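Single-structure report; data block below.
The values are calculated or read from the model by the stated rules, or taken from the named source; none is laboratory data. Computed from a prediction, not measured in an experiment: that's the story for all the values here. Positions of Cβ are generated from backbone atoms using ideal geometry, with glycine treated the same way; all protein chains shown enter the neighbour counts.
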Amino acid sequence: MSRIVDVLVVGSGLAGLVAALTAAEQGRSVRLLTSGMDSLAISGGSVDFLGYADSRLASDPWQSLALLPEDHPYRLLGTESVRSAFQFFSDTMEKQHWPMRPALAQDGTPRNTQLPTIMGTLKPTYLLPASLNTQAMASAKKVLVLSVQGLRDCQPALVVSQLKRYRSWADREFSQGLLPSPFGETHRAITALDLARLADKQQSRQWLLNALAPHAGKYDLILIPPLCGSRANPEVWQAVNVAAGCPVVEMLSIPPGVGGLRLRDALLTALHKLDFELVENTTVLRAETADKVCTSVLAEASGQQRRHEARAFVTATGGILGGGMVLEPGQCWDSVFNIDITVPQDVTQWSEPQIFGNHLFSRMGVRVDREMRPVDAAAAVRWQNVFFAGRSLGGYDYATEKSGHGVAIATGWQAGRMAAAAAAAGEKQ
Ligand SMILES: Cc1cc2nc3c(=O)[nH]c(=O)nc-3n(C[C@H](O)[C@H](O)[C@H](O)COP(=O)(O)OP(=O)(O)OC[C@H]3O[C@@H](n4cnc5c(N)ncnc54)[C@H](O)[C@@H]3O)c2cc1C
């Protein structure tokens, strides 16, 4: 643990994992410190790139990038870098046998897909597991919506009644049903994760295949909650589609985030083949800096403090939710470097009365340059070897834009690349 690594990453969310993988693939030694679970544990397995721009639905997210404000992370990076980052992510997932691809318009251009949720709403998202058949979703006439007895989060009747309100789904012939619970009679509320874990193992997966069999051959499409395994394992999908006799599409669900866990599984599998150390249950307390350079971070695990030295640092600690930002009335700062994030003193200005309004707190975060190095109010770089990524950045609102995993991938890739280059430069000195 005492060796000086090339790149030290803080935070194991999508941004931290992508940064770590980008740096490690460039031959750098990488250590990742993380205090706990990240938002992958509560999020879906599709990558939102840009669902809305300038309050308008973005069917072609690449075109819509131009509508974003200039300080948005995508605009800072530029379209070509965002493209390279998405390519890196897609290539990685392909190698892990969990391809993530966009749907294609008739002219072959990639576009957003409107994916059904367990609330019966449609959400624009971009990269989808290749196992998710977008063509069947668009053309299916006879659609069966299924849930599982005891799974309170997903009610087929609600899904059907809500989906029918959309023009693209209104003329389908819907049926609905409940699969028997694999847990028998129980008062315990079942989650999609409980069911997905059963599908991970070949023996217990048989429950799902047997339950689907009576429906085989009767429908063009089956919509189910995300229960086809918690790992990035294409075998589960193949078996489920065969048992159902038609394409099966998992709806986006509320937490726990089965789909997000699959992304994490694939990225960690890729990382563990490289010079990579994962240190969990460790909270970084502060960074130690001198002359515009960070030399180490001080971290605490099980009541013990330890210094971690590195040549370059990536901070991917998430937003308010992830613990990356600390809020107090009239004040906000990043939890590792103590960078002050300017906010209005009057807390009522941090949010708007409308729940889906343009809330300031959603866009608060660290300001960076194109290389993802934090800058001060005069746009001067604070430290040469420190790079920020993901939700700890300011200038975007992932919830209203639907850009969460997309920004994490794009900025994580850039931060990882820049940190690898800074480490290489530091090694030569
Ligand atoms: C309920 C929900 C569902 C979502 N679903 C989707 C979806 O389907 N698709 C999509 O594209 N986006 C989705 N998003 C958005 C998306 O999850 C995030 O915007 C994005 O993934 C943020 O990743 P991140 O790596 O920046 O931060 P996080 O995932 O929050 O990770 C931050 C990490 O930093 C660690 N950390 C924080 N402080 C410290 C410290 N001091 N020391 C050590 N470690 C620290 C945390 O433990 C955590 O591991 C969803 C968000 C939510 C809340």
Under the condition of being of a type in the set (A, V, I, L, M, F, W, C) and more than 17 Å from ARG83 (Cβ to Cβ), which residue from segment 106-136 is nearest to the chain's Cα centre (by Cα)? LEU128
Taking only segment 367-382 into account, find how many residues are surrounded by fewer than 24 Cβ atoms within 10 Å (Cβ to Cβ) and within 16 Å of the ligand (Cβ to nearest atom). 2
How many residues does segment 139-187 contain that are farther than 23 Å from GLY217 by Cα, hydroxyl-bearing (Ser, Thr, Tyr) and touching a Gly at 6+ places or on another chain (Cβ under 7 Å)? 2
Show the residue pairs that are 6+ apart or on different chains and have beta-carbon atoms under 7 Å apart, the first residue being within segment 383-394 and within 14 Å of GLY322 (Cα to Cα) and near the ligand (Cβ under 10 Å from one of its atoms), the second being at pLDDT below 95 and assigned to a helix (DSSP H, G or I). ARG391/TYR398
Yes or no: VAL343 in contact with a strand residue (DSSP E or B) (Cβ under 8 Å, 6 or more places away or on another chain) and either within 16 Å of the ligand (Cβ to nearest atom) or not assigned by TED's automatic domain parsing to the domain that holds THR34 (or both)? no
In segment 56-81, anything surrounded by fewer than 20 Cβ atoms within 10 Å (Cβ to Cβ), without any contact (Cβ under 8 Å) to a residue 40 or more places away in the chain and either within 15 Å of the ligand (Cβ to nearest atom) or not hydrophobic (A, V, I, L, M, F, W, C) (or both) is listed as ARG56, GLN63, GLU70, ARG75, THR79, GLU80
Can you pull out every residue in segment 216-230 that is at pLDDT 95 or above, surrounded by fewer than 19 Cβ atoms within 10 Å (Cβ to Cβ) and in contact with a Gly (Cβ under 9 Å, 6 or more places away or on another chain)? ALA216, LYS218
Do we have any residue at all in segment 14-22 that's assigned to a loop (DSSP other than H, G, I, E, B) and either surrounded by fewer than 24 Cβ atoms within 10 Å (Cβ to Cβ) or near the ligand (Cβ under 6 Å from one of its atoms) (or both)? no
Within segment 26-55, residues within 28 Å of GLU309 (Cβ to Cβ), surrounded by fewer than 19 Cβ atoms within 10 Å (Cβ to Cβ) and more than 15 Å from the chain's Cα centre (by Cα) come out as GLN26, GLY27, GLY36
Every residue from segment 148-206 that is part of a helix (DSSP H, G or I) and touching a helix residue (DSSP H, G or I) at 6+ places or on another chain (Cβ under 6 Å): LEU163, TRP169, ALA192, LEU193, ALA196, LEU198, ALA199, SER204, ARG205
A careful count of residues in segment 351-405 that are under 28 Å from VAL297 (Cα atoms) and either under 15 Å from the mean Cα position of the chain (by Cα) or not in a helix (DSSP H, G or I) (or both) gives 35
Looking at segment 266-297, which of the residues that are within 15 Å of the ligand (Cβ to nearest atom) and part of a helix (DSSP H, G or I) is farthest from the chain's Cα centre (by Cα)? LEU271
Read through the list (1) buried (at least 19 other Cβ atoms within 10 Å of the Cβ); (2) in contact with a helix residue (DSSP H, G or I) (Cβ under 9 Å, 6 or more places away or on another chain), then give the number of the only condition that LEU327 fails. (1)
In segment 306-361, the residues that are among the aliphatic types (A, V, I, L, M) and without any contact (Cβ under 8 Å) to a residue 40 or more places away in the chain: VAL326, LEU327, VAL343, VAL347, ILE355, LEU360
So is LEU298 touching a strand residue (DSSP E or B) at 6+ places or on another chain (Cβ under 9 Å) and free of Cβ contacts under 8 Å to residues at least 60 places away in the same chain or not? yes
Filter result (among the small types (Gly, Ala, Ser) and crowded, with 17+ Cβ neighbours inside 10 Å) within segment 137-160: ALA140, SER147, GLY150
Just one of the numbered conditions (1) away from the ligand (no atom under 15 Å from the Cβ); (2) in contact with a Leu (Cβ under 7 Å, 6 or more places away or on another chain); (3) of a type outside the set (D, E, K, R) is not true of GLN414; which one? (1)
Just name the residue that is nearest to the ligand (Cβ to nearest atom) out of those in segment 32-55 that are touching a Lys or Arg at 6+ places or on another chain (Cβ under 9 Å) and not in a loop (DSSP other than H, G, I, E, B). SER39
Can you tell me which condition VAL5 does not meet? The list is (1) more than 8 Å from the ligand (Cβ to nearest atom); (2) among the aliphatic types (A, V, I, L, M); (3) crowded, with 24+ Cβ neighbours inside 10 Å, and all the others hold. (3)
